[in-house]
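Remarks on the structure that follows.
FYI, it's all coordinate maths here, none of it is from the lab. Owing to the predicted nature of the structure, the values given are computational and were not obtained by experimental measurement. Please note: Cβ atoms are built from the backbone with ideal geometry, for glycine as well, and neighbour counts cover all protein chains shown.
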Amino acid sequence: MKRIVLVEDDFIIALLLEKQIQRMGYVVADKIDNGEAAIETIKNNQPDLVLMDIKLVGDMDGIDAMNEIRKFSDIPVIYLTGNADENTKKRALKTRPEGYLIKPVDMEVLKKNIHEIMNSNIA
């Protein structure tokens, strides 16, 4: 079964996303609220996809975490963020994400993105 790591600092949003992912038939391998733990989890567990918030607990944001993850993995990532400004988006796009969705995320769009990644040769 394909596994997704959810990196989200908002507990309620993380729970809602987890339920949605499970309904889609995927496993949430881990829920993480900070970049450092995300890096370690992805390095050790090699999931099929990462859903990454940009604003996280601690000093490292989601983009910084993905820059570190890119040093050892080409894992697909979809950013889920409230940051719609151009500078943030430009920083994020340098990490080669498969998606950049603005919160509140349309669940149908998220589902479509996840299915496309999971059913392609990317994952």
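A few points about this structure:
- A cut-off under 12 angstrom between Cβ atoms defines the neighbours of residue 110, and their net charge, with Lys, Arg +1 and Asp, Glu -1, is 0.
- Exposure proxy shown here: for 73, 120, the number of other Cβ atoms within 10 Å sets the order, fewest to most, as 120, 73.
- Partner lysines for residue 90 [C-alpha distance under 20 Å; skip if fewer than 8 residues away on the same chain]: 55, 71, 103
- Relative packing of 103-115, 1-13, which averages over residues the other C-beta atoms within 10 Å, highest first: 1-13, 103-115
- All-pairs Cα distance distribution in the chain, expressed in whole percent, bin size 5 Å: 2, 12, 25, 28, 22, 10, 2, 0
- Quarter the surface of the alpha carbon convex hull of region 21-75 and you get the mean projected area, 3.7 square nanometres.
- Under 15 Å from residue 112, Cα to Cα: aspartates and glutamates that are on another chain or at least 8 residues apart: 98
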